[in-house]
Amino acid sequence: MTISAYWRFADFYSAHARGLWRYLVRIGADRTVAEDLVQDAFVRWSLSRAARWEDERARAYLFTIATRLLTDWWRRQRRDVSWDAIGENAPTCEIEVSPLFQGRAWAALSPRQQQLLWLAYVEEFTHDEIAAICGVSSKSVRVLLSRCRAILSGLLDSDAKGAAHAD
């Protein structure tokens, strides 16, 4: 590894490792498993052609690797994991100090809906990048996100009405 490649990797790692860990924890990985998967994802990323891509495209590929590693980890645990079955008691991370993440509305969303919203609005991925990470078509992402926003909005409205009636 050349000196410039080393510094590129170090910069890329420091810019994205924490966000990748938060994403893995948010979609259901145990904190220690997420730490291991982050390391593995960066190793695999560094050995791929993606290490030479521009940052945003490389970042999306890194999240794709991590998502696939987590899926493989679940399979190795011999658990039949569906998006509806994981994450009931998912560990929290520091970004969740927002009232949105602590509220009943967010908890009422399915883990798949949480994943889509997280990738779009916390990680700020494009629809094409989200499609690659989640393994769905790019056109589906727009529809899925629209539905997720509508569901979340309805849940937030019902929470607000419930709070107003409680006063």
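What are the ³J(HN,Hα) couplings of the stretch 12-23, residue after residue, when phi is run through the Karplus curve with 6.51, -1.76, 1.60 and θ = phi - 60°? Round to Hz, x for glycine and proline.
Per residue, the Karplus-derived 3J(HN,Hα) values read 5, 4, 5, 6, 10, 4, 5, x, 5, 4, 4, 4 Hz.
Only loop residues by DSSP count here, and only those with at most 16 other Cβ atoms within 10 Å; note down the chymotrypsin sites (Phe, Trp or Tyr not before Pro) in the stretch 1-78 that meet that.
On the way: sites: 6, 7, 9, 12, 13, 21, 23, 42, 45, 53, 61, 63, 73, 74; in loops: 53.
In loop regions of the stretch 1-78 (DSSP not H, G, I, E or B), the sparsely surrounded chymotrypsin sites (Phe, Trp or Tyr not before Pro) are 53.
Which ³J(HN,Hα) values, rounded to whole Hz and listed in residue order, are derived for the stretch 145-157 from phi using the Karplus coefficients 6.51, -1.76 and 1.60 in 6.51 cos²θ - 1.76 cosθ + 1.60 with θ = phi - 60°, glycine and proline given as x?
Couplings: 5, 4, 5, 4, 4, 5, 5, 4, 4, x, 5, 5, 4 Hz.
Could you list the GluC sites (Glu not before Pro) in the stretch 1-75 that lie in coil according to DSSP, counting only those with at most 14 other Cβ atoms within 10 Å of their Cβ? Walk me through the numbers before you get to the answer.
Values: sites: 35, 54, 56; in loops: 54.
Here the GluC sites (Glu not before Pro) that fit, given the DSSP loop and packing criteria, are 54.
Throughout, read-outs are computed from the coordinates displayed, never taken from laboratory work. Only a predicted model underlies this, so the values are computations on that prediction, with no experimental measurement involved. Cβ coordinates were reconstructed from backbone atoms using ideal geometry, including for glycine residues, and neighbour counts include every protein chain displayed.
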